[in-house]
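The values are calculated or read from the model by the stated rules, or taken from the named source; none is laboratory data. Remember, predicted model here, so these are calculated numbers, not experimental data. No Cβ is skipped: glycine too gets one built from the backbone with ideal geometry, and neighbour counts run over all protein chains shown. For accessibility, only protein heavy atoms count, side chains too; no ligands or nucleic acids. Shrake-Rupley method; radii C 1.70, N 1.55, O 1.52, S 1.80 Å.
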Amino acid sequence: MVFEKSGQPLRLTEMDLPEPAEGQVRIRIEACGVCRTDLHIVDGELEHPKLPLIPGHEIVGRVDALGPGVTGLEPGQRVGVPWLGHACGHCYYCDHGRENLCDDPLFTGYTFDGGFADYCLAHTDFIFALPEDADPVALAPLLCAGLIGYRSFVRAGKVERLGLYGFGAAAHILCQIANWQGIEVYAFTRDGDAQAQDFARRLGAKWAGGSSDPSPVELDAAILFAPIGALVPLALKAVRKGGRVVCGGIHMSDIPSFHYADLWGEREILSVANLTRADGEAFFPLAQKAGVKTETIPYPLERANEALDDLRAGRLQGAAVLVP
């Protein structure tokens, strides 16, 4: 499914099999999650994508062919491909263990073709080994919703009461991990979205309400997965002194002005950018220990536009996943 221009639907296209270059593998795709970042790309909110582009960066598949010089992988082995597809390895950020901020990166499904397809290429240093016997559809959301949720969770610091604004793919994974760690979760959804609030409570949220509702308790931290800048001042009002508001998305509407008193008291606003390989090495074992179960809605690959529409309209409880 190829993206050619903002405002146009993805187009089902027959293409030649891609050939892996040095240090790459070709992957036969089993499943690819549909992320809000994909929506930001096709809606033109993220500028300068590679065009034409195959979106998708929550990829689960089997190694199909090895490029020159590739060792340590076997054909048929299951792997996962995340958003960060490659980093330069020599800029200031890579040298200081912050490859997520690399000055010359490749992003899967944005500047490098991704997983809305039957096959894709990936750089071997930036893929993860995945369980051979797990359901690939269930694994797919872990490759971004899970990883970005985890990185946001780490940035939130040590907490006892955590607010989650926007209860979609990332929040529904993170809620399970937080519950497993004994953390109280307070879920803030679209106002009036009783279905999403029921979903949050079913997954262990202690409280669920609308995003404009005042929090029933002071929060130690809040994580925003909804790309709505107006939620930042609301979250600041909900966190205690010294608390943090973590913005977990790659794109957000403008943050409106707010009173300095809402920030005062050593409250902090942080953003999360991309992910590192170390995040995956820490997150995947944690998700397994916590018994995370993803809620997924499978779509055939050719219905990618429908999946994007459902995500855009807020009709999903959990994560959409394309299956070739």
**OP:** Within the set of other residues whose C-beta is less than 15 Å from the C-beta of Val154, count the net charge using Lys and Arg as +1 and Asp and Glu as -1.
**Re:** +2
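Quick one: plug the Kirkwood hydrodynamic radius of the stretch 225-324 (C-alpha pairs) into Stokes-Einstein at 10 °C, 1.306 mPa s, and report D in µm²/s.
Working: Rh = 16.6 Å.
For the chosen part, D equals 96 µm²/s.
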Subject >> All aspartates and glutamates inside 13 Å of Lys158 as judged from Cα atoms, apart from same-chain residues fewer than 8 positions distant >> reply: Glu184, Asp220
Original post:
Once amide H atoms are placed 1.01 Å from N in the peptide plane, what residues at a sequence separation of 5 or more from Leu219, or on another chain, have their amide H within under 5 Å of its amide H?
Top reply: Val239, Arg240
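Which net charge results for the neighbourhood of Leu130, defined as the other residues with beta-carbon distances under 12 angstrom from its beta-carbon, given Lys and Arg at +1 and Asp and Glu at -1? Don't jump to the answer; show the numbers that get you there.
Details: positive: Arg62, Arg78; negative: Glu30, Glu58, Glu132, Asp133, Asp135.
Here the count lands on -3.
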Original post:
Given H placed on each backbone N at 1.01 Å, which residues far from Leu12 in sequence or on other chains put an amide H within less than 5 Å of it?
Top reply: Val2
Original post:
So what is the 222 nm mean residue ellipticity for the chain from helices alone, if each DSSP H run of at least 4 adds -39500 (n - 2.57) and you divide by all residues, rounding to the nearest 500 deg cm²/dmol?
Top reply: -7000 deg cm²/dmol
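I'd like to compare 124-137, 153-166: which one has the highest average count of other Cβ atoms within 10 Å, and what's the full order after that? Let's see the in-between values first.
On the way: 124-137: 15.9, 153-166: 20.9.
Put in order of decreasing packing, that is 153-166, 124-137.
For Glu268, Glu58, what's the largest-to-smallest order of accessible area, 1.4 Å probe? Don't jump to the answer; show the numbers that get you there.
On the way: Glu268 70, Glu58 5 Å².
Correct descending sequence by accessible area is Glu268, Glu58.
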**OP:** Find the accessible area per residue for the stretch 214-318; the probe is 1.4 Å, ligands and nucleic acids are left out, and the unit is Å².
**Re:** 50 Å²
Original post:
If the cut-off is a Cα-Cα distance under 17 Å, which lysines reach Lys5, setting aside same-chain residues fewer than 8 apart in sequence?
Top reply: Lys50
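For Asp104, Asp220, Asp16, Asp43, what's the largest-to-smallest order of accessible area, 1.4 Å probe? It would help to have the intermediate numbers written out before the result.
Working: Asp104 105, Asp220 25, Asp16 145, Asp43 60 Å².
Largest to smallest exposure gives the sequence Asp16, Asp104, Asp43, Asp220.
Take the solvent-accessible surface of the protein heavy atoms, probe 1.4 Å, and return the percent of it on the chain that carbon and sulfur atoms account for. List each step's numbers first, then the result.
Working: 7160 of 14480 Å².
Here carbon and sulfur together make up 49 percent of the probe-accessible area.
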Original post:
What percent antiparallel are the DSSP beta bridges of the chain, to the nearest 5?
Top reply: 50 percent
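For Glu4 and His251, compute 0.36 nm times the residue count separating them, minus their Cα-Cα distance, and round to one decimal in nm.
So the extension gain works out to 86.9 nm.
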Original post:
Which of the residue pairs Lys241/Lys293; Lys206/Lys237; Lys237/Lys293 have a Cα-Cα distance greater than 22 Å in the structure shown?
Top reply: Lys241/Lys293; Lys237/Lys293
Subject >> Overall Cα dimensions of the stretch 59-150, principal axis frame, Å, largest first >> reply: 39, 34, 22
